[in-house]
Amino acid sequence: MDRHVGEWKHAVDRFWQAEGPDWTEVAHVMASIAATAGEADLRHAATQAQPSIRNAAANPQDHMTRVVARRRLGVVRDVLHELVTPKFGRRGTERVPTEDERFRQMLGLPLDRQLAATEIHQAFRRSAKRMHPDAGGDAHAFLALSAARDALMHPGSKKGG
């Protein structure tokens, strides 16, 4: 995480709580975030907020311009909040693919249907052309690819036991 994230969060929270923030100062902070933030989401949010905030700085009397700028500031505030808030609860909620799904992904095969032996073999040959050690590939990756083909061709048999 950037060393400036805490400072930016403090500044954005201060702007958020102010009844009528100094939109010129807000624009400077957004420019700093957009230019130097390491997190892509934060950079993107700040970049998207800049035009609206600049309009609010140029037209502080226009109510709708201020409303739009405040919404954009809120988006940046939410992203900053996500970055600095500790995560509790379940971690890594992404589903881990099954062994069969991993084998299919290695061979570039679809996950959602029954496969024919010829289809598996053709996918293996395509992948083997790139991964074979004689073609500049890695021997371990090629062996894993061969094991994936064998497991998909003969799903009931277990090797090595």
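Laboratory data are not the source of any read-out in this text; all were calculated from the coordinates shown. Note that the structure is predicted; figures quoted are calculated from it, not measured. Positions of Cβ are generated from backbone atoms using ideal geometry, with glycine treated the same way; all protein chains shown enter the neighbour counts.
The alpha carbon radius of gyration of segment 99-153, expressed as a multiple of 2.2 N^0.38 Å, is 1.06.
Electrostatic tally near Met64: other residues with Cβ closer than 12 Å to its Cβ, Lys and Arg +1, Asp and Glu -1, net +2. Temperature 4 °C, viscosity 1.567 mPa s: under these conditions the Stokes-Einstein estimate for the chain, based on its Kirkwood radius over C-alpha pairs, is 64 µm² per second. Each label point was placed 7 Å from the Cα along the Cα-to-Cβ direction; for Thr85 and His44 their separation is 1.9 nm. For Asp112, the shell of other residues with beta-carbons less than 14 Å away shows a net charge of -1, using +1 for Lys and Arg and -1 for Asp and Glu.
Report summary: the helix-based calculation at 222 nm, which adds -39500 (n - 2.57) for every DSSP H run with n ≥ 4 and divides by the residues of the chain, gives -22000 deg cm²/dmol.
Between the helical axis of 63-84 and the longest alpha-carbon principal axis of the chain there is an angle of about 50 degrees.
Summary: within the chain, the longest segment free of GluC sites (Glu not before Pro) located in DSSP loops with at most 12 other C-beta atoms within 10 Å is 20-93. Quick one: go through segment 130-154 and flag any residue whose amide nitrogen is under 13 Å from the point 7 Å out along the Cα-to-Cβ line of Thr98. Answer for this model: 152.
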